[in-house]
Amino acid sequence: MEFTAIDYSIFALLLVLSSAIGLFYALSGDRQRTVQEFLLANRTMSFLPVALSLLATFQSAVAILGVPAEIYRFGTQYWFLGCSYLLGLLIPAHIFIPVFYRLRITSTYEYLELRFNKTVRILGTVTFIFQMVIYMGVVLYAPALALNAVTGFDLWSAVLTMGLVCTLYTTLGGLKAVIWTDVFQTLVMLAGQLAVIVVGAQRVGGMAHVWRLAQQEGRISGIDLDPDPFQRHTFWTLAVGGVFMMLSLYGVNQAQVQRYLSARSEREAKLSCYAVFPCQQIVLCLSCLTGLVMFAYDQQHPLAPSGRPGSSDQLVLYFVMDVLKDLPGLPGLFVACLFSGSLSTISSAFNSLATVTMEDLVRPHCPGLSEPRATLLSKLLALGYGLLCLGMAYVSSMLGPVLQPSASLAWWGAHSWGSSAWACSSPAPTPRGLQKFYSLSYMWYSAHNSTTVVLVGLLVSLLTGPTPAADVDPRTIYPVLPRLLCCLPPKCRRGLCCGGDSPDQDAGPRHMEAKSNGVANSLGLPRWPGEEEGQGYIRREGAPTCALQETSF
(Lines give C-alpha, C1' and ligand atoms only; values in the text may rest on other atoms or scores of the structure.)
Protein backbone atom coordinates (compact mmCIF):
# COMPACT_ATOMS: atom_id res chain seq x y z
CA MET A 1 0.00 0.00 0.00
CA GLU A 2 1.05 3.61 -0.50
CA PHE A 3 1.29 6.20 2.24
CA THR A 4 -1.06 9.17 2.08
CA ALA A 5 -0.19 12.77 2.87
CA ILE A 6 -1.77 12.36 6.32
CA ASP A 7 0.44 9.37 7.07
CA TYR A 8 3.57 11.24 6.07
CA SER A 9 2.43 14.21 8.16
CA ILE A 10 2.03 12.09 11.30
CA PHE A 11 5.44 10.52 10.80
CA ALA A 12 6.96 13.97 10.23
CA LEU A 13 5.24 15.26 13.38
CA LEU A 14 7.03 12.60 15.42
CA LEU A 15 10.40 13.80 14.14
CA VAL A 16 9.57 17.50 14.55
CA LEU A 17 8.38 17.13 18.14
CA SER A 18 11.37 14.98 19.05
CA SER A 19 13.70 17.65 17.65
CA ALA A 20 11.74 20.40 19.43
CA ILE A 21 12.25 18.69 22.80
CA GLY A 22 15.99 18.59 22.21
CA LEU A 23 16.07 22.26 21.19
CA PHE A 24 13.99 23.23 24.23
CA TYR A 25 16.46 21.72 26.67
CA ALA A 26 19.39 23.10 24.71
CA LEU A 27 18.04 26.63 25.13
CA SER A 28 16.51 26.46 28.62
CA GLY A 29 17.76 25.92 32.16
CA ASP A 30 21.53 25.82 32.37
CA ARG A 31 21.63 25.08 28.62
CA GLN A 32 23.69 21.90 29.04
CA ARG A 33 26.75 23.82 30.21
CA THR A 34 28.07 21.18 32.59
CA VAL A 35 28.96 17.54 32.10
CA GLN A 36 26.58 16.51 34.88
CA GLU A 37 23.67 18.31 33.23
CA PHE A 38 24.46 16.91 29.79
CA LEU A 39 25.13 13.31 30.83
CA LEU A 40 22.99 12.97 33.97
CA ALA A 41 20.25 15.63 33.56
CA ASN A 42 21.80 17.36 36.58
CA ARG A 43 20.37 14.55 38.75
CA THR A 44 17.00 16.33 38.89
CA MET A 45 14.58 13.87 37.26
CA SER A 46 11.49 12.52 39.02
CA PHE A 47 10.60 8.83 38.97
CA LEU A 48 7.81 8.84 36.35
CA PRO A 49 9.74 10.18 33.33
CA VAL A 50 12.68 7.99 34.34
CA ALA A 51 10.38 4.95 34.46
CA LEU A 52 8.89 5.68 31.02
CA SER A 53 12.37 6.24 29.62
CA LEU A 54 13.48 2.89 31.05
CA LEU A 55 10.48 1.31 29.36
CA ALA A 56 11.13 3.03 26.01
CA THR A 57 14.73 1.83 25.89
CA PHE A 58 13.52 -1.73 26.50
CA GLN A 59 10.54 -1.45 24.11
CA SER A 60 12.41 -1.13 20.85
CA ALA A 61 11.30 -1.83 17.30
CA VAL A 62 12.50 -5.37 18.02
CA ALA A 63 9.71 -5.96 20.49
CA ILE A 64 7.07 -4.14 18.44
CA LEU A 65 7.66 -6.48 15.49
CA GLY A 66 9.14 -9.53 17.17
CA VAL A 67 6.72 -10.31 20.01
CA PRO A 68 3.52 -10.31 17.86
CA ALA A 69 5.33 -12.55 15.36
CA GLU A 70 6.30 -14.90 18.20
CA ILE A 71 2.70 -15.12 19.48
CA TYR A 72 1.32 -15.53 15.94
CA ARG A 73 3.57 -18.50 15.20
CA PHE A 74 3.94 -20.28 18.53
CA GLY A 75 1.13 -19.17 20.84
CA THR A 76 1.03 -17.36 24.15
CA GLN A 77 3.78 -19.27 26.00
CA TYR A 78 6.00 -16.20 25.68
CA TRP A 79 3.49 -14.23 27.76
CA PHE A 80 4.85 -15.97 30.89
CA LEU A 81 7.92 -13.76 30.56
CA GLY A 82 5.89 -11.26 32.58
CA CYS A 83 6.47 -13.47 35.65
CA SER A 84 10.15 -12.54 35.57
CA TYR A 85 9.50 -8.80 35.70
CA LEU A 86 8.84 -8.66 39.45
CA LEU A 87 12.18 -10.07 40.66
CA GLY A 88 13.92 -8.60 37.63
CA LEU A 89 13.02 -5.13 38.93
CA LEU A 90 12.96 -5.67 42.70
CA ILE A 91 16.58 -6.85 42.76
CA PRO A 92 17.93 -3.78 40.89
CA ALA A 93 15.78 -1.51 43.07
CA HIS A 94 17.08 -2.87 46.36
CA ILE A 95 20.60 -4.10 45.53
CA PHE A 96 22.03 -2.41 42.45
CA ILE A 97 20.53 1.07 42.74
CA PRO A 98 21.67 1.69 46.35
CA VAL A 99 25.25 0.75 45.50
CA PHE A 100 25.45 2.68 42.20
CA TYR A 101 23.59 5.73 43.44
CA ARG A 102 25.58 6.15 46.66
CA LEU A 103 28.88 5.72 44.86
CA ARG A 104 27.91 8.81 42.81
CA ILE A 105 29.30 7.23 39.67
CA THR A 106 28.41 8.22 36.11
CA SER A 107 29.58 5.13 34.21
CA THR A 108 28.78 1.64 35.47
CA TYR A 109 32.35 0.70 34.60
CA GLU A 110 33.62 3.02 37.31
CA TYR A 111 32.32 0.38 39.70
CA LEU A 112 34.67 -2.19 38.17
CA GLU A 113 37.68 -0.03 39.01
CA LEU A 114 36.46 0.59 42.56
CA ARG A 115 35.83 -3.11 43.11
CA PHE A 116 38.71 -4.57 41.11
CA ASN A 117 41.17 -2.42 39.17
CA LYS A 118 41.52 0.01 36.28
CA THR A 119 42.30 -2.68 33.70
CA VAL A 120 38.97 -4.40 34.32
CA ARG A 121 37.21 -1.05 33.93
CA ILE A 122 38.87 -0.31 30.59
CA LEU A 123 38.16 -3.80 29.25
CA GLY A 124 34.48 -3.47 30.19
CA THR A 125 34.24 -0.04 28.55
CA VAL A 126 35.93 -1.10 25.30
CA THR A 127 33.73 -4.19 25.05
CA PHE A 128 30.59 -2.10 25.55
CA ILE A 129 31.63 0.45 22.91
CA PHE A 130 32.46 -2.26 20.38
CA GLN A 131 29.14 -4.02 20.91
CA MET A 132 27.01 -0.89 20.77
CA VAL A 133 28.69 0.60 17.68
CA ILE A 134 27.94 -2.55 15.70
CA TYR A 135 24.46 -2.95 17.12
CA MET A 136 23.11 0.58 16.67
CA GLY A 137 23.74 0.64 12.91
CA VAL A 138 21.71 -2.52 12.40
CA VAL A 139 18.96 -1.23 14.72
CA LEU A 140 18.67 1.89 12.56
CA TYR A 141 18.80 0.12 9.20
CA ALA A 142 16.86 -3.13 9.73
CA PRO A 143 13.41 -1.68 10.66
CA ALA A 144 13.63 0.72 7.72
CA LEU A 145 14.51 -2.18 5.42
CA ALA A 146 11.53 -4.24 6.62
CA LEU A 147 9.18 -1.28 6.21
CA ASN A 148 10.54 -0.55 2.73
CA ALA A 149 9.95 -4.15 1.65
CA VAL A 150 6.31 -4.05 2.73
CA THR A 151 5.12 -0.49 2.08
CA GLY A 152 7.58 1.00 -0.38
CA PHE A 153 8.50 3.62 2.22
CA ASP A 154 11.76 5.17 0.95
CA LEU A 155 14.59 3.32 2.69
CA TRP A 156 17.39 5.84 2.89
CA SER A 157 15.11 8.79 3.48
CA ALA A 158 13.88 7.03 6.62
CA VAL A 159 17.39 5.99 7.73
CA LEU A 160 18.98 9.41 7.21
CA THR A 161 16.08 11.37 8.66
CA MET A 162 15.85 9.23 11.77
CA GLY A 163 19.60 9.12 12.29
CA LEU A 164 20.06 12.87 11.91
CA VAL A 165 17.04 13.81 14.06
CA CYS A 166 18.14 11.43 16.80
CA THR A 167 21.69 12.79 16.68
CA LEU A 168 20.35 16.35 16.79
CA TYR A 169 18.25 16.11 19.93
CA THR A 170 20.73 13.85 21.74
CA THR A 171 23.64 16.20 21.04
CA LEU A 172 21.80 19.42 21.85
CA GLY A 173 19.56 18.39 24.72
CA GLY A 174 21.61 15.77 26.53
CA LEU A 175 20.10 13.09 28.77
CA LYS A 176 17.19 15.30 29.82
CA ALA A 177 16.08 15.59 26.19
CA VAL A 178 16.59 11.86 25.67
CA ILE A 179 14.41 11.05 28.69
CA TRP A 180 11.57 13.40 27.73
CA THR A 181 11.59 12.30 24.09
CA ASP A 182 11.43 8.74 25.39
CA VAL A 183 8.31 9.71 27.34
CA PHE A 184 6.71 11.16 24.21
CA GLN A 185 7.79 8.21 22.07
CA THR A 186 6.44 5.73 24.64
CA LEU A 187 3.00 7.32 24.31
CA VAL A 188 3.26 7.10 20.52
CA MET A 189 4.21 3.42 20.73
CA LEU A 190 1.28 2.64 23.01
CA ALA A 191 -1.13 4.55 20.75
CA GLY A 192 0.08 2.76 17.63
CA GLN A 193 -0.22 -0.71 19.14
CA LEU A 194 -3.61 0.04 20.68
CA ALA A 195 -4.95 1.27 17.32
CA VAL A 196 -3.90 -1.97 15.63
CA ILE A 197 -5.52 -4.12 18.33
CA VAL A 198 -8.81 -2.20 18.39
CA VAL A 199 -9.24 -1.99 14.62
CA GLY A 200 -7.99 -5.52 13.98
CA ALA A 201 -10.25 -7.08 16.63
CA GLN A 202 -13.24 -5.17 15.26
CA ARG A 203 -12.54 -6.45 11.74
CA VAL A 204 -12.61 -10.11 12.86
CA GLY A 205 -15.61 -9.98 15.20
CA GLY A 206 -14.31 -8.75 18.52
CA MET A 207 -11.68 -9.77 21.05
CA ALA A 208 -13.84 -12.58 22.47
CA HIS A 209 -13.88 -14.20 19.01
CA VAL A 210 -10.12 -13.71 18.71
CA TRP A 211 -9.57 -15.53 22.00
CA ARG A 212 -11.96 -18.40 21.15
CA LEU A 213 -10.33 -18.93 17.76
CA ALA A 214 -6.87 -18.91 19.33
CA GLN A 215 -8.03 -21.53 21.84
CA GLN A 216 -9.49 -23.72 19.10
CA GLU A 217 -6.27 -23.58 17.11
CA GLY A 218 -4.05 -24.31 20.12
CA ARG A 219 -2.49 -20.84 20.36
CA ILE A 220 -3.43 -20.31 24.03
CA SER A 221 -0.65 -22.03 25.95
CA GLY A 222 -0.82 -23.54 29.42
CA ILE A 223 2.00 -23.64 31.94
CA ASP A 224 4.74 -25.91 30.61
CA LEU A 225 6.78 -27.12 33.60
CA ASP A 226 9.26 -29.12 31.52
CA PRO A 227 12.66 -28.57 33.26
CA ASP A 228 14.64 -29.31 30.08
CA PRO A 229 16.90 -26.24 29.54
CA PHE A 230 17.11 -27.05 25.83
CA GLN A 231 13.39 -26.43 25.33
CA ARG A 232 13.06 -23.00 23.77
CA HIS A 233 10.18 -21.69 25.88
CA THR A 234 8.88 -23.22 29.11
CA PHE A 235 7.69 -21.65 32.33
CA TRP A 236 11.18 -22.09 33.81
CA THR A 237 13.07 -20.62 30.87
CA LEU A 238 10.81 -17.58 30.79
CA ALA A 239 10.16 -16.98 34.50
CA VAL A 240 13.59 -17.93 35.87
CA GLY A 241 15.87 -17.37 32.90
CA GLY A 242 13.97 -14.16 32.28
CA VAL A 243 15.01 -12.83 35.70
CA PHE A 244 18.66 -12.99 34.69
CA MET A 245 17.84 -11.35 31.37
CA MET A 246 16.06 -8.55 33.23
CA LEU A 247 19.03 -8.12 35.57
CA SER A 248 21.35 -7.71 32.58
CA LEU A 249 19.02 -5.02 31.20
CA TYR A 250 17.84 -3.21 34.34
CA GLY A 251 20.62 -4.04 36.76
CA VAL A 252 23.92 -3.23 35.06
CA ASN A 253 23.20 -1.93 31.56
CA GLN A 254 24.82 1.51 31.18
CA ALA A 255 21.80 3.08 29.45
CA GLN A 256 19.44 2.03 32.25
CA VAL A 257 21.79 2.74 35.17
CA GLN A 258 22.41 6.21 33.76
CA ARG A 259 18.70 6.90 34.06
CA TYR A 260 18.64 5.75 37.68
CA LEU A 261 21.53 8.08 38.41
CA SER A 262 19.67 11.00 36.82
CA ALA A 263 16.95 10.76 39.50
CA ARG A 264 16.89 13.50 42.11
CA SER A 265 17.22 11.04 44.98
CA GLU A 266 17.81 7.37 45.65
CA ARG A 267 14.15 7.04 46.61
CA GLU A 268 13.05 8.42 43.21
CA ALA A 269 15.43 6.00 41.47
CA LYS A 270 13.86 3.07 43.33
CA LEU A 271 10.36 4.32 42.58
CA SER A 272 11.21 4.36 38.87
CA CYS A 273 11.84 0.60 39.09
CA TYR A 274 8.49 0.08 40.80
CA ALA A 275 6.68 2.28 38.28
CA VAL A 276 8.11 0.53 35.24
CA PHE A 277 6.73 -2.86 36.40
CA PRO A 278 3.03 -2.25 35.58
CA CYS A 279 4.05 -0.37 32.42
CA GLN A 280 6.01 -3.41 31.23
CA GLN A 281 3.06 -5.69 31.89
CA ILE A 282 0.81 -3.41 29.82
CA VAL A 283 3.30 -3.32 26.95
CA LEU A 284 3.73 -7.10 27.01
CA CYS A 285 -0.06 -7.55 26.96
CA LEU A 286 -0.42 -5.19 23.99
CA SER A 287 2.28 -7.00 22.02
CA CYS A 288 0.79 -10.43 22.76
CA LEU A 289 -2.74 -9.31 21.93
CA THR A 290 -1.46 -7.89 18.65
CA GLY A 291 -0.11 -11.34 17.81
CA LEU A 292 -3.43 -13.03 18.63
CA VAL A 293 -5.45 -10.51 16.60
CA MET A 294 -3.01 -10.98 13.75
CA PHE A 295 -3.54 -14.77 13.91
CA ALA A 296 -7.34 -14.40 13.86
CA TYR A 297 -7.19 -11.90 11.00
CA ASP A 298 -4.99 -14.21 8.94
CA GLN A 299 -7.59 -16.97 9.24
CA GLN A 300 -10.19 -14.76 7.53
CA HIS A 301 -7.98 -12.60 5.32
CA PRO A 302 -4.78 -14.46 4.34
CA LEU A 303 -1.83 -12.12 4.56
CA ALA A 304 0.51 -11.64 1.59
CA PRO A 305 -1.47 -14.05 -0.67
CA SER A 306 1.04 -13.72 -3.50
CA GLY A 307 3.68 -15.42 -1.42
CA ARG A 308 4.71 -15.51 2.19
CA PRO A 309 7.42 -13.03 3.15
CA GLY A 310 10.75 -14.46 4.22
CA SER A 311 10.47 -12.94 7.68
CA SER A 312 7.66 -13.16 10.22
CA ASP A 313 8.52 -9.58 11.17
CA GLN A 314 7.48 -8.50 7.68
CA LEU A 315 4.29 -10.50 8.13
CA VAL A 316 3.45 -8.25 11.09
CA LEU A 317 3.83 -5.22 8.85
CA TYR A 318 1.64 -6.80 6.14
CA PHE A 319 -1.02 -7.34 8.78
CA VAL A 320 -0.84 -3.81 10.15
CA MET A 321 -0.91 -2.14 6.75
CA ASP A 322 -3.80 -4.31 5.57
CA VAL A 323 -5.86 -3.67 8.72
CA LEU A 324 -5.31 0.08 8.72
CA LYS A 325 -5.36 0.74 4.97
CA ASP A 326 -8.87 2.26 4.94
CA LEU A 327 -8.17 4.59 7.86
CA PRO A 328 -5.98 7.53 6.75
CA GLY A 329 -3.44 8.50 9.36
CA LEU A 330 -3.38 5.23 11.28
CA PRO A 331 -0.71 3.59 9.08
CA GLY A 332 1.39 6.70 9.70
CA LEU A 333 0.72 6.34 13.43
CA PHE A 334 2.01 2.77 13.41
CA VAL A 335 5.09 3.78 11.42
CA ALA A 336 5.66 6.50 14.00
CA CYS A 337 5.19 3.82 16.69
CA LEU A 338 7.76 1.56 15.03
CA PHE A 339 10.35 4.27 14.57
CA SER A 340 9.74 5.63 18.07
CA GLY A 341 11.08 2.29 19.29
CA SER A 342 14.19 2.73 17.15
CA LEU A 343 14.69 6.37 18.15
CA SER A 344 14.49 5.62 21.87
CA THR A 345 16.99 2.77 21.61
CA ILE A 346 19.44 4.65 19.38
CA SER A 347 19.36 7.89 21.40
CA SER A 348 20.10 5.88 24.53
CA ALA A 349 23.03 4.29 22.72
CA PHE A 350 24.45 7.66 21.66
CA ASN A 351 24.18 9.11 25.14
CA SER A 352 25.57 6.08 26.96
CA LEU A 353 28.46 5.74 24.49
CA ALA A 354 29.37 9.41 24.97
CA THR A 355 29.20 8.91 28.73
CA VAL A 356 31.48 5.88 29.00
CA THR A 357 33.95 7.34 26.51
CA MET A 358 34.13 10.59 28.45
CA GLU A 359 34.23 9.15 31.97
CA ASP A 360 36.27 6.01 31.38
CA LEU A 361 38.66 6.92 28.56
CA VAL A 362 39.01 10.72 28.42
CA ARG A 363 38.81 12.06 31.97
CA PRO A 364 41.31 9.60 33.53
CA HIS A 365 43.93 10.68 30.97
CA CYS A 366 43.02 14.38 31.04
CA PRO A 367 42.56 15.20 34.75
CA GLY A 368 42.98 18.92 34.17
CA LEU A 369 40.17 19.18 31.62
CA SER A 370 38.01 22.21 32.39
CA GLU A 371 34.25 21.86 32.79
CA PRO A 372 33.33 23.86 29.63
CA ARG A 373 35.75 21.85 27.50
CA ALA A 374 34.60 18.57 29.02
CA THR A 375 30.98 19.48 28.26
CA LEU A 376 31.82 20.45 24.68
CA LEU A 377 33.76 17.24 24.21
CA SER A 378 30.82 15.19 25.55
CA LYS A 379 28.54 16.82 22.97
CA LEU A 380 31.04 16.18 20.19
CA LEU A 381 31.26 12.54 21.26
CA ALA A 382 27.47 12.21 21.04
CA LEU A 383 27.58 13.83 17.60
CA GLY A 384 30.42 11.57 16.49
CA TYR A 385 28.62 8.42 17.58
CA GLY A 386 25.48 9.62 15.78
CA LEU A 387 27.36 9.99 12.51
CA LEU A 388 29.09 6.66 13.13
CA CYS A 389 25.66 5.07 13.49
CA LEU A 390 24.74 6.28 10.01
CA GLY A 391 28.00 4.84 8.70
CA MET A 392 27.24 1.50 10.34
CA ALA A 393 23.77 1.56 8.76
CA TYR A 394 25.46 1.94 5.37
CA VAL A 395 27.79 -0.95 6.17
CA SER A 396 24.74 -3.05 7.07
CA SER A 397 23.23 -2.28 3.67
CA MET A 398 26.38 -3.49 1.94
CA LEU A 399 26.24 -6.91 3.60
CA GLY A 400 23.62 -8.08 1.14
CA PRO A 401 22.48 -11.64 1.87
CA VAL A 402 24.40 -11.60 5.14
CA LEU A 403 22.11 -8.86 6.46
CA GLN A 404 19.18 -11.12 7.25
CA PRO A 405 21.02 -13.40 9.73
CA SER A 406 22.94 -10.41 11.06
CA ALA A 407 19.76 -8.46 11.63
CA SER A 408 18.11 -11.47 13.23
CA LEU A 409 21.06 -11.91 15.56
CA ALA A 410 21.17 -8.21 16.53
CA TRP A 411 17.43 -7.73 16.82
CA TRP A 412 16.82 -10.88 18.72
CA GLY A 413 20.10 -11.59 20.48
CA ALA A 414 20.83 -8.12 21.83
CA HIS A 415 17.42 -7.92 23.50
CA SER A 416 17.22 -11.64 24.32
CA TRP A 417 14.01 -12.15 22.39
CA GLY A 418 15.34 -15.09 20.37
CA SER A 419 14.88 -15.86 16.74
CA SER A 420 11.59 -17.62 16.14
CA ALA A 421 12.84 -18.73 12.75
CA TRP A 422 15.21 -21.21 14.39
CA ALA A 423 12.31 -23.11 15.93
CA CYS A 424 10.55 -23.39 12.56
CA SER A 425 13.40 -24.89 10.62
CA SER A 426 12.98 -28.32 9.12
CA PRO A 427 13.60 -31.31 11.39
CA ALA A 428 17.27 -32.07 11.88
CA PRO A 429 19.17 -34.91 13.56
CA THR A 430 19.21 -34.71 17.33
CA PRO A 431 22.25 -32.61 18.34
CA ARG A 432 24.88 -34.22 20.54
CA GLY A 433 27.95 -33.14 22.46
CA LEU A 434 29.03 -29.57 21.92
CA GLN A 435 26.28 -29.09 19.35
CA LYS A 436 23.77 -30.02 22.04
CA PHE A 437 25.31 -27.39 24.33
CA TYR A 438 24.67 -24.73 21.69
CA SER A 439 21.00 -25.78 21.60
CA LEU A 440 20.49 -24.27 25.06
CA SER A 441 17.41 -22.04 25.17
CA TYR A 442 18.37 -18.44 24.48
CA MET A 443 16.51 -17.42 27.65
CA TRP A 444 19.22 -19.12 29.71
CA TYR A 445 22.10 -17.21 28.08
CA SER A 446 22.24 -14.48 30.72
CA ALA A 447 22.00 -17.01 33.56
CA HIS A 448 24.68 -19.19 31.97
CA ASN A 449 27.02 -16.26 31.38
CA SER A 450 26.54 -14.89 34.91
CA THR A 451 27.24 -18.30 36.44
CA THR A 452 30.33 -18.73 34.27
CA VAL A 453 31.72 -15.36 35.39
CA VAL A 454 31.16 -16.19 39.07
CA LEU A 455 32.68 -19.67 38.82
CA VAL A 456 35.71 -18.51 36.85
CA GLY A 457 36.19 -15.64 39.29
CA LEU A 458 36.07 -18.01 42.26
CA LEU A 459 38.51 -20.39 40.59
CA VAL A 460 40.97 -17.60 39.81
CA SER A 461 40.63 -16.30 43.38
CA LEU A 462 41.41 -19.75 44.76
CA LEU A 463 44.49 -20.01 42.55
CA THR A 464 45.83 -16.50 43.14
CA GLY A 465 44.65 -15.99 46.71
CA PRO A 466 41.77 -13.85 47.98
CA THR A 467 41.90 -10.07 48.01
CA PRO A 468 42.78 -8.85 51.52
CA ALA A 469 39.67 -7.52 53.24
CA ALA A 470 41.39 -4.21 53.94
CA ASP A 471 41.85 -3.68 50.18
CA VAL A 472 38.15 -4.08 49.39
CA ASP A 473 36.22 -0.83 49.22
CA PRO A 474 33.21 -1.55 51.48
CA ARG A 475 31.03 0.82 49.42
CA THR A 476 31.09 -1.68 46.56
CA ILE A 477 29.69 -4.58 48.59
CA TYR A 478 26.07 -5.40 49.29
CA PRO A 479 25.69 -8.17 51.92
CA VAL A 480 22.94 -10.20 50.31
CA LEU A 481 23.04 -13.41 52.35
CA PRO A 482 22.86 -11.77 55.80
CA ARG A 483 19.81 -9.82 54.64
CA LEU A 484 18.11 -12.99 53.46
CA LEU A 485 18.97 -14.84 56.69
CA CYS A 486 18.07 -12.04 59.09
CA CYS A 487 15.33 -14.09 60.80
CA LEU A 488 17.64 -17.01 61.74
CA PRO A 489 19.40 -17.29 65.11
CA PRO A 490 22.82 -15.58 65.25
CA LYS A 491 24.71 -18.90 65.46
CA CYS A 492 23.05 -20.18 62.27
CA ARG A 493 23.74 -16.89 60.48
CA ARG A 494 27.44 -17.05 61.37
CA GLY A 495 27.68 -20.60 60.06
CA LEU A 496 25.89 -19.90 56.79
CA CYS A 497 27.94 -16.73 56.26
CA CYS A 498 31.16 -18.78 56.31
CA GLY A 499 32.11 -17.58 59.75
CA GLY A 500 31.53 -13.90 59.02
CA ASP A 501 29.40 -11.84 61.36
CA SER A 502 26.20 -10.26 60.16
CA PRO A 503 26.20 -6.50 59.85
CA ASP A 504 23.95 -6.14 62.85
CA GLN A 505 26.19 -8.06 65.21
CA ASP A 506 29.04 -6.84 67.30
CA ALA A 507 32.11 -7.47 65.17
CA GLY A 508 34.75 -6.29 67.60
CA PRO A 509 36.47 -2.95 68.18
CA ARG A 510 36.58 -1.96 64.52
CA HIS A 511 32.84 -2.46 64.11
CA MET A 512 32.14 -0.66 67.40
CA GLU A 513 34.28 2.25 66.26
CA ALA A 514 32.29 2.42 63.05
CA LYS A 515 29.02 2.46 64.97
CA SER A 516 30.27 5.12 67.31
CA ASN A 517 31.22 7.38 64.40
CA GLY A 518 28.03 7.00 62.40
CA VAL A 519 24.77 5.18 62.03
CA ALA A 520 24.29 1.99 60.08
CA ASN A 521 22.84 2.58 56.67
CA SER A 522 20.94 0.20 54.47
CA LEU A 523 24.19 -1.23 53.11
CA GLY A 524 25.32 -2.21 56.59
CA LEU A 525 28.13 0.36 56.35
CA PRO A 526 28.85 3.37 58.56
CA ARG A 527 27.47 6.71 57.53
CA TRP A 528 29.65 9.48 58.80
CA PRO A 529 28.22 12.53 60.62
CA GLY A 530 26.90 15.15 58.24
CA GLU A 531 26.57 12.72 55.33
CA GLU A 532 23.15 12.70 53.67
CA GLU A 533 21.52 9.71 52.06
CA GLY A 534 22.40 9.36 48.41
CA GLN A 535 25.41 11.68 48.61
CA GLY A 536 27.99 8.94 48.41
CA TYR A 537 30.67 7.87 50.83
CA ILE A 538 34.02 9.52 51.33
CA ARG A 539 36.75 7.28 52.69
CA ARG A 540 38.85 9.42 55.01
CA GLU A 541 42.41 8.93 56.12
CA GLY A 542 42.37 6.64 59.11
CA ALA A 543 38.67 5.98 58.92
CA PRO A 544 37.65 2.48 60.01
CA THR A 545 37.09 -0.01 57.20
CA CYS A 546 34.60 -2.83 57.36
CA ALA A 547 36.03 -6.25 56.59
CA LEU A 548 33.00 -7.81 54.95
CA GLN A 549 33.25 -11.58 54.88
CA GLU A 550 29.66 -12.36 54.00
CA THR A 551 28.48 -13.79 50.74
CA SER A 552 27.83 -10.60 48.79
CA PHE A 553 27.10 -9.13 45.40
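The values are calculated or read from the model by the stated rules, or taken from the named source; none is laboratory data. All values derive from a computational prediction rather than experimental measurement. Quick reminder, even Gly has a Cβ in these numbers, built from the backbone with ideal geometry, and neighbours come from all protein chains shown. Accessible surface is based on the protein model in full, side chains and every heavy atom, while ligands, DNA and RNA are left aside. Shrake-Rupley method; radii C 1.70, N 1.55, O 1.52, S 1.80 Å.
Descriptive notes on the structure:
- Highest-first arrangement of 54-62, 444-452, where packing means the average Cβ count within 10 Å: 54-62, 444-452
- In this structure K176 has an accessible area near 40 Å², from a 1.4 Å probe over the protein heavy atoms.
- Note on the stretch 451-475 and the stretch 240-301: Cα centroid distance 33 Å, given to the nearest whole angstrom.
- Average accessible area per residue (Å²) across the stretch 24-115 - probe 1.4 Å, nucleic acids and ligands excluded: 30
- Summarised as an ellipsoid, the stretch 67-184 has semi-axes of 32, 24, 16 Å, derived from the eigenvalues of the Cα gyration tensor scaled by 5 and square-rooted, with the largest first.
- Protein-only accessible surface at a 1.4 angstrom probe places the residues C83, C285 in the order C83, C285, largest first.
- For K491, the lysines whose Cα comes closer than 28 Å to its Cα, not counting residues fewer than 8 places off in the same chain, are K515.
- Exposure of Y72 as accessible area (Å², to 10), given a probe of 1.4 Å and all protein chains: 30
- Heavy-atom accessible surface of R219, to the nearest 10 Å², is about 60 Å², with a 1.4 Å probe and all protein chains retained.
- Mean Cα-pair separation over length for the stretch 213-352, i.e. relative contact order, pairs under 8 Å, 6 or more apart, %: 19
- Element breakdown for the stretch 1-120 at a 1.4 angstrom probe: carbon and sulfur atoms account for 66% of the accessible area.
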